[in-house]
Every structure is written in structure tokens, then in C-alpha cells.
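Peer 1: I have a structure here, written as C-alpha cells, and I will follow up with some questions on it.
The values are calculated or read from the model by the stated rules, or taken from the named source; none is laboratory data. Predicted model, so just to flag it, every value in this text is computed and none were measured. Positions of Cβ are generated from backbone atoms using ideal geometry, with glycine treated the same way; all protein chains shown enter the neighbour counts. Areas reflect the complete protein model, heavy atoms only, side chains present, ligands, DNA and RNA absent. Shrake-Rupley method; radii C 1.70, N 1.55, O 1.52, S 1.80 Å.
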Amino acid sequence: MKKLMIKIIKFYQRYISRYILTGRNCRFYPTCSQYSMEAYEKYGFFKGTFLTINRILRCNPFNKGGYDPLK
């Protein structure tokens, strides 16, 4: 499952993200997709999914974002 999720994220980064997001639209550095890929590689499917969902929930107008590395 971990490898499948990483492939899905890479597909998103390569074919979808560049056409939908023009300019710098991400609130965080690294981007949410890069953060997710690192989480899956480091922690596996279950914890990686938890961290990814948590990060996406923080991406809202009330959070100013900034540097947020994977811990």
C-alpha cells in the first residue's frame, strides 16, 4: 500500500499539480504532496496516512503556513 500511495502522489505531482496550481499557492514548505511522500517513505502506510490527513486539515485560511518539516 505504501508504494501505491507514493506512486499516486508522484502522478499527482507530475501530471495534475502543475496544471492546476500556477505560481506558489501552497501554504507550507515542503508542499503537502512532498510532505506526504516523505511520511509514507519514513513511517509506512498507516502513520503516513495519519500524518498526511493531519497536514491537509491544517491547510486552511486560518493557518498562515510556513516551514513545516516532517518530524
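Peer 1: So how strong a dipole does the chain carry about its Cα centre when Lys and Arg Cβ are +1 and Asp and Glu Cβ are -1, to the nearest 20 debye?
Peer 2: Using only the charged Cβ atoms, the result is roughly 80 debye.
Peer 1: Can you pull the percent of the chain's accessible area that's carbon plus sulfur, 1.4 Å probe, other chains left in place?
Peer 2: The value for the chain is 62 percent carbon and sulfur by accessible area.
Peer 1: Could you rank Phe46, Phe62 by how accessible they are, 1.4 Å probe, largest area first?
Peer 2: These residues rank, largest area first, as Phe62, Phe46.
Peer 1: Let me ask something additional. Can you give the local net charge around Asp68? Use residues other than it whose beta-carbon is closer than 10 angstrom to its beta-carbon, Lys and Arg +1, Asp and Glu -1.
Peer 2: +4
Peer 1: Also, quick follow-up: Hey, can you find the accessible area per residue of the chain for me, probe 1.4 Å, expressed in square angstrom?
Peer 2: Accessible surface, normalised per residue, equals 76 Å².
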